[in-house]
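S.K.: Before anything else, here's the structure in question.
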Amino acid sequence: MHPYLTIAAEVQAALQSGQPVVALESTIISHGMPYPRNVETALSVEKVVRDQGAIPATIAILDGQCRVGLSAEELEYFGKAKDVWKVSLRDMPYVISQQLVGATTVAATMRIAAMAGIRIFVTGGIGGVHRGAASSMDISADLTEMGQTNVAIVSAGVKSILDIGLTLEYLETKGIPVVTFGQDEFPSFYSRKSGFKSPLRLDTVTDIAAMLNTKWQLGLEGTILIANPVPVTQEIEASEMEEHIKAALEAASAQQISGKEVTPFLLQYIANHTKGESLEANIALIRHNALVGSQIAVAFSQLK
Ligand code: PSU
Ligand code: MN
């Protein structure tokens, strides 16, 4: 066993017996949503995973350990505590050696999931290439990690606080397949549309599981990004979101927000200025990703 890895007994048992396990991130809990909806969502997402016959494993950093599988009390703590670090790859050795509390981003979550032997990871939205990256060089470590770690990601596409076109280009450069589930257009988180055609499309979870198996058996390292569009009834028009995104970007620039604070700032600003509508859409799409991701995990476990 890895000296910095603690896997919950239930998750460990599932991994040993080849049962499907779904990894979940914690930045979304500590930095992505307000309390108490964040904790309610984390618990309900775990329930969706269980209802599909898979075991949920929420990942975070606690007491100098990478933790895989949290208790309800621990989820509550991550949702409530004010001093939780947002931990991407570069923060891991600091937060772990200093025994600080850390919520993991997509990049750190997938790395820890891989250490534990989990192959499927469900989240809301990934980080990517930011608008204005040509001068800011703000490109999320999620993207580089996705090029090298063999954990599939189910997300609702890429939030348009990012430059979606440049993010898709970067994914292509890194050799990362992008597959949209059930439609031709790549979705943009709150909206089923983005204005960009998805590089690939598959319509069944068994086809997605087969593609994952094929990629990794070929020795091609890295993720497959599975884009799962938000349910029609919860969708927010891209044009409506665009106003709020523009305002958020202007506020970030005026307040000189930089580095790891950029993404949480933009998310918070948009949540505050859309009167809860975006929060409801956010919760609905994560639950839907958990449903589809768990079905993929079940199909994948039956292949092996
Ligand atoms: N995008 C979202 N919601 C999120 C995040 C991104 O729509 O919660 C979080 C994820 O944890 C992601 C991280 O991994 O932000 C990316 O942060 P950065 O851009 O600083 O790499
Ligand atoms: Mn960044």
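S.K.: On the basis of being within 30 Å of Leu249 (Cβ to Cβ), within 16 Å of ligand 1 (Cβ to nearest atom) and among the small types (Gly, Ala, Ser), does Ala103 make the cut?
M.R.: yes
S.K.: Inside the range 129-154, can you point out the residues that are surrounded by fewer than 18 Cβ atoms within 10 Å (Cβ to Cβ) and in contact with a Phe, Trp or Tyr (Cβ under 8 Å, 6 or more places away or on another chain)?
M.R.: The one that is surrounded by fewer than 18 Cβ atoms within 10 Å (Cβ to Cβ) and in contact with a Phe, Trp or Tyr (Cβ under 8 Å, 6 or more places away or on another chain): Asn150.
S.K.: Here is a follow-up. Could you list all residues from the range 173-197 that are out of contact with any strand residue (DSSP E or B) (no Cβ under 8 Å at 6 or more places or on another chain), closer than 14 Å to Ser155 by Cα and of a type in the set (S, T, N, Q)?
M.R.: If the condition is that a residue be out of contact with any strand residue (DSSP E or B) (no Cβ under 8 Å at 6 or more places or on another chain), closer than 14 Å to Ser155 by Cα and of a type in the set (S, T, N, Q), then Ser191 is the only one that fits.
Conditions tested, residue by residue: (1) away from ligand 2 (no atom under 16 Å from the Cβ); (2) closer than 30 Å to Met137 by Cβ; (3) among the aromatic types (Phe, Trp, Tyr); (4) crowded, with 19+ Cβ neighbours inside 10 Å.
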position: Leu218; (1), (2), (3), (4): yes, no, no, no
position: Gln234; (1), (2), (3), (4): yes, no, no, no
position: Met241; (1), (2), (3), (4): yes, yes, no, yes
position: Ser253; (1), (2), (3), (4): no, yes, no, no
position: Gln256; (1), (2), (3), (4): no, yes, no, no
position: His273; (1), (2), (3), (4): yes, yes, no, no
position: Gly293; (1), (2), (3), (4): yes, no, no, yes
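S.K.: Suppose we filter the range 116-143 for residues that are assigned to a helix (DSSP H, G or I), near ligand 1 (Cβ under 10 Å from one of its atoms) and either more than 12 Å from the chain's Cα centre (by Cα) or small (Gly, Ala, Ser) (or both); how many remain?
M.R.: 1
S.K.: Turning to a different aspect of this structure: When the residues of the range 26-59 are narrowed to those that are within 16 Å of ligand 2 (Cβ to nearest atom) and part of a loop (DSSP other than H, G, I, E, B), which ends up modelled with the lowest pLDDT?
M.R.: Looking at the filtered set, the residue picked out is Gly32.
S.K.: Consider Ile7 against the criteria (1) within 16 Å of ligand 2 (Cβ to nearest atom); (2) touching a strand residue (DSSP E or B) at 6+ places or on another chain (Cβ under 8 Å): it satisfies all of them except one. Which criterion is unmet?
M.R.: Going through the list (1) within 16 Å of ligand 2 (Cβ to nearest atom); (2) touching a strand residue (DSSP E or B) at 6+ places or on another chain (Cβ under 8 Å), Ile7 breaks only (1).
S.K.: Among residues belonging to the range 152-177 that are within 13 Å of ligand 1 (Cβ to nearest atom) and assigned to a loop (DSSP other than H, G, I, E, B), point out the one that is farthest from Val262 (Cα to Cα).
M.R.: Among them, the one singled out is Ala156.
The values are calculated or read from the model by the stated rules, or taken from the named source; none is laboratory data. What you are looking at is a predicted structure, and each value in this text was computed from that prediction instead of being measured. Here the Cβ is made from the backbone with ideal geometry for all residues, glycine too, and neighbour counts use every protein chain on show.
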